[in-house]
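Bear in mind these aren't lab numbers, they're just calculated from the coordinates by the rules spelled out. Owing to the predicted nature of the structure, the values given are computational and were not obtained by experimental measurement. Virtual Cβ from ideal backbone geometry, glycine too; neighbours counted across all protein chains shown.
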Amino acid sequence: MVDCRYPKIITSQSYKLFSVIHLPSSDAGPFPVVILCHGLGGSKVGRFRYPIQLSEHLAKNGIASIRFDFRGNGDSEGSFVETTPESCVEDLKSIIKWVSEEALFDTSRLGLFGRSFGGVVSLLCAAENPKAISALAVQSPPFAFELYCINQPSHIKIEEGAFFFEQEKMSQAFVDQISRLKMTSIMEGLHSIPFLHIGAGKDNVVHPDHAKEYEGVRKETKAPTQFTLLPEADHNLSNISDRQTALKESSNWFITHLNPSCALYLD
């Protein structure tokens, strides 16, 4: 058995968040742990079950993980229109708090993985307490609202200050908060954390210009940093070879920085 997994309800403010815990089959805890954050309108299952595959690979290498749904997404309570960067950060902080109180997990070896908007949430949360995070890995996270305005993907519409996702109008709080985000200053606060960025060369949701901005603000950082570009990939990594590459890079990043003694790297 690669891992053992079980569902868990974790409360964030008044919302019940549905999560799945993955543990290595070994009983030699406490384990290093990675918390996985899905993208806007996504879920803990993800496209092509990518988060599940990542959790399985981490467990095989002695690393626990938690997949969860932000409020208003997946199986968690709440309405999707209530989603804001701040609400998602609060949810992630609640997951981290729960992890810190469980003897199964070694929170001195805590990693965050975020896909798309979940990547932004991971970075925002890490910036609040950078000493608590041992490794970060993000996949195609947006950098600036202004870049969305220039390169609008088909499922996102920005009209007279309103933001529509899959034809659903987001709250004014969502628009206000993402408009104010200054990822340059956020990234400056993360200079001591190992950072992996995986980008897609043919991303029609988060344009490759966003990746260039992240790379620009990370240039002078001394902590381990890796930018991997999948030149033919789209936002959802629809091609299986791109998914396999991203899976390998993300898994090996966390193994290297959270559990190097295991060293069962993916080929």
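Worth pointing out:
- Near residue 8, once Lys and Arg are set to +1 and Asp and Glu to -1 for all other residues with Cβ below 15 Å from its Cβ, the sum equals -2.
- Prolate/oblate/rounded label for the range 33-110 (Cα gyration tensor, a/c 1.5): oblate
- Cα gyration tensor shape for the range 181-225, rounded if a/c is under 1.5, else prolate or oblate: prolate
- Under 5 Å, built H, 5+ apart or other chain: amide partners of residue 233: 201, 202
- The magnitude of the dipole of the range 1-95, with charges of +1 and -1 set on the Cβ of Lys/Arg and Asp/Glu and taken from the Cα centre, is near 240 debye.
- Relative exposure of 79, 94, 238, 87, judged by other C-beta atoms within 10 Å (fewest first): 79, 238, 94, 87
- Given 11 as the ceiling on other Cβ atoms within 10 Å, longest exposed-site-free region of the chain for trypsin sites (Lys or Arg not before Pro) in DSSP loops: 1-181
- Positive-pole candidate from 163, 206, 254, dipole of the chain, charges at beta carbon: 254
- Tensor-based shape of the range 178-267 (alpha-carbon gyration tensor, a/c under 1.5 rounded, otherwise prolate or oblate): oblate
- Separation between Cα centres of the range 80-146 and the range 210-245, rounded to whole Å: 18
- Cα long-axis angle, helix 117-128 against the chain (0 to 90 degrees, to the nearest 10): 70
- Potential lengthening between residue 4 and residue 26 on full extension [0.36 nm per residue; Cα-Cα distance subtracted]: 7.0 nm
- Of 131/182; 60/222; 16/44; 16/131; 44/222, pairs whose Cα-Cα distance is over 22 Å: 60/222; 16/131; 44/222
- Added length on full extension, which subtracts the Cα-Cα distance from 0.36 nm per residue, residue 155 to residue 128: 6.6 nm
- For the range 1-98, with +1 on Lys and Arg beta carbons and -1 on Asp and Glu, the positive-most of 46, 34, 23 along the dipole: 23
- Here the chain is assigned +1 on the Cβ of each Lys and Arg and -1 on the Cβ of each Asp and Glu. Its dipole about the Cα centre then comes out at about 460 debye.
- The magnitude of the dipole of the range 61-124, with charges of +1 and -1 set on the Cβ of Lys/Arg and Asp/Glu and taken from the Cα centre, is near 280 debye.
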